[in-house]
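First comes the structure, then the notes that go with it.
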Amino acid sequence: MPRPAPRLCRETQSIVIATGAQYNKPNVENLWQFEGQGIYYAATAMEAQLCAGEEIIVIGGGNSAGQAAVFLAETGTKVYMLVRGKELSETMSRYLIQRIVENPAIELHLHTETVALAGDSHLERVTWLNRATDEESMYDIRHVFVMAGASPRTDWLRECLALDNQGFILTGRDLDPVLDSAPVKWPLSRPPQMLEISLPAVFAVGDIRSGNVKRVASAVGEGSISIHLVHRALAEM
């Protein structure tokens, strides 16, 4: 029997946490087969061009899903918005709800989730289920936008530092209301720097950080800023 690889421990003076977040996905067995081939996790101008003149599904009930539905309705013939919850007001801004309700190109389906996907090299058909009525519907749709949010990979940090209600890492000024109740007491007289977590000289960047806008450009910018902040923190030691 081979021996397990040894665990390496090293002392360090500063850390940048950039472990990202995981997209929340429908519980459909073959979802992976169509990722990039009909299943998308962002609604940009490039994706909008791919599905112009076609029917589209947007999965999710938050602001990102609402914004995607309104945007894609400009080029698609019909946008079916599938929401597992019973209403949008619990998760979406009022102005977005109004735009969705008033848009004839958007068809809202509450209590609804995707249960099956079919196709060969590209997505061709989608089946969804209304949990309130147990009615299944199958449509020939080739483009599905999954905008159901993301879950941070922070289970290993829960007893170590301050997180928001969704488990994302709090940094900088966002720590002000909770710093005194953080798992580890803040030891310095100065407040945490921008991107600094509730432990001095430790920084969080990208999707794992609370308040991050979940865009590649933003994550790259935060990564660059964090290096400057690391040098500043090291100079204090």
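The values are calculated or read from the model by the stated rules, or taken from the named source; none is laboratory data. Predicted, not measured: the structure shown is a model, and the values here were computed from it. Neighbour counts run over all protein chains shown; Cβ positions are idealised from the backbone, glycine included. Ligands, DNA and RNA are stripped out before the accessible areas are found, and what is left, the full protein with its side chains, is counted by its heavy atoms. Shrake-Rupley method; radii C 1.70, N 1.55, O 1.52, S 1.80 Å.
For this structure, a couple of remarks:
- Placing +1 on each Lys and Arg Cβ and -1 on each Asp and Glu Cβ, with no other charges, gives the stretch 138-177 a dipole about its Cα centre of roughly 140 debye.
- Residue range of the chain that is longest and free of GluC sites (Glu not before Pro) which are both DSSP loop and sparsely packed (at most 10 other C-beta within 10 Å): 160-237
- A simple charge model with +1 on the Cβ of Lys and Arg, -1 on the Cβ of Asp and Glu and nothing else charged puts the dipole of the stretch 79-237 at about 540 debye relative to its Cα centre.
- Dipole of the chain [Lys/Arg +1, Asp/Glu -1 at C-beta], most positive-end residue of Val126, Trp32, Ser226: Ser226
- The alpha carbons of the chain stretch over 61, 56, 34 Å along the principal axes, in descending order.
- Qualifying trypsin sites (Lys or Arg not before Pro) for the stretch 145-183 [loop in DSSP, other Cβ within 10 Å: at most 16]: Arg153, Arg158
- Sorting Ser121, Ser198 on solvent-accessible area from highest to lowest, probe radius 1.4 Å, gives Ser121, Ser198.
- Cα point-scatterer Debye curve for the stretch 15-127, base-10 log of I(q)/I(0) at q = 0.12, 0.15, 0.16 Å⁻¹: -0.44, -0.68, -0.77
- With both labels modelled 7 Å from their Cα along Cα-to-Cβ, the Trp32 to Val213 distance reads 3.3 nm.
- Under 26 Å between alpha carbons - lysine pairs in the chain that sit 8 or more apart or on different chains: 4
- Between Glu159 and Ala118, the contour length at 0.36 nm per residue exceeds the alpha carbon distance by 10.5 nm.
- Remark: the stretch 155-166, residue by residue, has Karplus-estimated 3J(HN,Hα) of 4, 6, 10, 4, 9, 10, 8, 7, 10, 7, 5, 9 Hz, where x stands for each Gly or Pro and the curve is 6.51 cos²θ - 1.76 cosθ + 1.60 at θ = phi - 60°.
- As an equivalent ellipsoid, the stretch 104-143 spans semi-axes of 20, 14, 7 angstrom, where each value is the square root of five times an eigenvalue of the C-alpha gyration tensor, largest first.
- Counted charge near Ala42, where neighbours are those whose Cβ lies closer than 11 Å (Asp, Glu -1; Lys, Arg +1): +1
- Percentage relative contact order, the stretch 100-231, counting C-alpha pairs under 8 Å, at least six apart: 14
- When the charge dipole of the chain is built from unit charges on Cβ atoms (+1 for Lys and Arg, -1 for Asp and Glu) and taken about the Cα centre, the candidate among Met147, Ile106, Ala182 whose Cα reaches farthest toward its positive end is Ala182.
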